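One structure below.
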Amino acid sequence: MDLEGLRGLGAIEDFAIQRPDRNSSAWVRGLIERNSVVVLATTDGDQPWVAPLEYMADEDLNLYFFSTTKARHVRHLEANSAVAATVYDQMQPKVTATTTAGLNGVQMECTASRVSQESYTDAVAAAIDALDISIPPYAVFKVVPHRFYVPAVENGLITRYEVDMA
């Protein structure tokens with residue numbers, strides 16, 4: 001594998017040492033577990049919106065985030081629970097017209113909803129206590145991924161592959 005054009009030690013370790021199969025559920029799980037920010041895309045049916053949010057993941061790769069109930073993305077997901085999300089590493093290969101490489105990210109088709117206090121996981125309850133956030137005006141939301149896609153670059157063009165998480 002050509003390491004020229006890779007930026008950062010994390011990318012070099014990922015590409016050169018581990019040589020992960022990006023089409024595997026284990027690789028997707030590892031990516032979600034080692035990161036903490038999800039980019040959530042929402043719409044109210046008319047206007048799209050995107051928001052970077054800190055998250056926690058459970059063993060089923062559901063993502064939980066806290067947000068003010070007045071946020072635009074919250075208003076959107078309350079009107080339309082269908083959302084898209086992406087999690088990615090900051091370190092990525094440099095893309096040129098001849099690059100063929102895997103990208104360190106996952107795109108997901110999801111649904112999202114507010115989580116009732118009775119449904120909090122132990123980790124969510126502990127985070128609320130540790131962060132000392134007031135609920136309301138903050139609330140807990142759960143993003144449930146249904147389909148996972150891993151992007152790649154082939155001869156300089158970006159494509160994606162669906163990953164079977166079963």
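Of note:
- Applying the condition of being surrounded by 15 or more Cβ atoms within 10 Å (Cβ to Cβ) and touching a helix residue (DSSP H, G or I) at 6+ places or on another chain (Cβ under 8 Å) to the range 115-141 and asking which residue is farthest from ALA41 (Cα to Cα) yields TYR120.
- Scanning the range 19-45 for residues that are in a helix (DSSP H, G or I) and loosely packed, with under 15 Cβ neighbours inside 10 Å returns SER25, ALA26, GLY30, GLU33, ARG34.
- Within the range 51-94, the residues that satisfy the criterion of being of a type in the set (Asp, Glu) and farther than 14 Å from LEU31 by Cα are GLU54, GLU78.
- Restricting the range 53-86 to residues that are of a type in the set (A, V, I, L, M) and over 20 Å from GLN107 (Cβ atoms), the residue that is surrounded by the fewest Cβ atoms within 10 Å (Cβ to Cβ): ALA79
- For the range 1-32, a residue qualifies if it is among the charged types (D, E, K, R) and either touching a Phe, Trp or Tyr at 6+ places or on another chain (Cβ under 9 Å) or at pLDDT 90 or above (or both), and the qualifying residues are ASP21, ARG22, ARG29.
- Residues of the range 105-127 that are over 20 Å from ALA82 (Cβ atoms) and either of a type in the set (Phe, Trp, Tyr) or touching a residue at least 40 places away in the same chain (Cβ under 8 Å) (or both): GLY105, TYR120, THR121, ALA123, VAL124, ALA127.
- Listed by first and then second residue, the pairs with beta-carbon distance under 7 Å, at least 6 apart or on different chains, first residue in the range 151-166 and charged (D, E, K, R), second surrounded by 12 or more Cβ atoms within 10 Å (Cβ to Cβ) and not in a strand (DSSP E or B), are GLU154/THR100; ASP164/SER25.
- Flag if LEU61 is under 19 Å from the mean Cα position of the chain (by Cα), touching a residue at least 60 places away in the same chain (Cβ under 8 Å) and assigned to a loop (DSSP other than H, G, I, E, B): yes
The values are calculated or read from the model by the stated rules, or taken from the named source; none is laboratory data. Nothing here was measured: the structure is a model prediction, and the numbers come from that model. Heads up, the Cβs are rebuilt from the backbone with ideal geometry, glycines too, and the neighbour counts pull from every protein chain shown.
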